[in-house]
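Pasting in a structure now, in structure tokens, and then I'll have a few things to ask.
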Amino acid sequence: MVLRLQKEALVKPYEKMTLTQLKEAEDEFDEEDKKAIETYREKRLQELKALKKKQKFGELREISGNQYVNEVTNADKDVWVVIHLYRSSIPMCLLVNQHLSLLARKFPETKFVKAIVNSCIQHYHDNCLPTIFVYKNGQIEGKFIGIIECGGINLRLEELEWKLAEVGAVQTDLEENPKKGIVDVMESSVRNTSIYDDTNSSNSDNDDTK
């Protein structure tokens, strides 16, 4: 308690104020404080600009094929871009769009866009949809093509978030693959089936030698 009070005593009044409050109260400070306030104000402005720049997206935007190069390939330096090529007639594409809309709000520093596939690629096969490309600095850093690679028809939001985090597009707070439990059960089932088949095969061989 004493240590906390000592630390608070060392904090200048202006360090707890907003930029608006600083402007209103600047006449109450002496010259030394005014110089410190100006430095502090500049620091806060830079922090706010950096935050605004980092969080400038925040939604899943629709683009057309003729915007692809400008919006995706030539996006701002060091900005991660996730683009979903889709057809509205495919249920899995609609599911992916729903998930990407939520992820765009959760990760506003990443650019999320979607485009009807025919406007970008002619004669693209339905079995390749949904298609998700992940770009950074004009290069494809990750891709998920088709239902299986995208996570299956029962794809959950957390599973898609993990996939994007694995290629670096988002900084997830998930601690492990949300599909890990399902994978473990499947692997266990495969192992048990293999053991069962080996046992049956062994018994069959023994019967043949009798």
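The values are calculated or read from the model by the stated rules, or taken from the named source; none is laboratory data. Since the structure is predicted, the reported quantities are computational estimates derived from the model, not experimental observations. Reconstructed Cβ throughout: ideal geometry from the backbone, glycine too, with neighbour counts over all protein chains shown. Accessible surface is based on the protein model in full, side chains and every heavy atom, while ligands, DNA and RNA are left aside. Shrake-Rupley method; radii C 1.70, N 1.55, O 1.52, S 1.80 Å.
So, in the range 142-157, of the ones that are closer than 27 Å to Asp76 by Cα and in contact with a Leu (Cβ under 8 Å, 6 or more places away or on another chain), which residue ends up surrounded by the fewest Cβ atoms within 10 Å (Cβ to Cβ)?
So in the range 142-157, the residues closer than 27 Å to Asp76 by Cα come out as 142-145, 150, 157.
This time we only want the ones that are in contact with a Leu (Cβ under 8 Å, 6 or more places away or on another chain), so: 142, 150, 157.
Details: Gly142: 17, Cys150: 23, Leu157: 15.
Result: Leu157.
So which residues in the range 103-141 are exposed (fewer than 15 other Cβ atoms within 10 Å of the Cβ), in a helix (DSSP H, G or I) and of a type in the set (A, V, I, L, M, F, W, C), if there are any at all?
Answer for the range 103-141, where residues must be exposed (fewer than 15 other Cβ atoms within 10 Å of the Cβ), in a helix (DSSP H, G or I) and of a type in the set (A, V, I, L, M, F, W, C): just Cys128.
Next question. Identify the single condition in (1) touching a Phe, Trp or Tyr at 6+ places or on another chain (Cβ under 6 Å); (2) open to solvent by 70 Å² or more (accessible area, probe 1.4 Å) that Glu166 does not satisfy, given that it satisfies every other one.
Here Glu166 meets the rest and fails (1).
Does any residue of the range 79-86 turn out to be over 20 Å from the mean Cα position of the chain (by Cα) and open to solvent by 40 Å² or more (accessible area, probe 1.4 Å)? Working first, answer last.
At the first step, the residues of the range 79-86 found to be over 20 Å from the mean Cα position of the chain (by Cα) are none.
The answer is no; no qualifying residue exists.
Identify all residues within the range 80-102 that are within 15 Å of Glu59 (Cα to Cα), outside any helix (DSSP H, G or I) and either modelled with pLDDT under 95 or touching a helix residue (DSSP H, G or I) at 6+ places or on another chain (Cβ under 7 Å) (or both); write none if there are none. Give the derivation first.
Initially, the range 80-102 is screened for residues within 15 Å of Glu59 (Cα to Cα), giving 80-84, 96-102.
Retained after the next criterion (residues that are outside any helix (DSSP H, G or I)): 80-84.
Of everything in the range 80-102, those that are within 15 Å of Glu59 (Cα to Cα), outside any helix (DSSP H, G or I) and either modelled with pLDDT under 95 or touching a helix residue (DSSP H, G or I) at 6+ places or on another chain (Cβ under 7 Å) (or both) turn out to be Val81, Val82, Ile83, His84.
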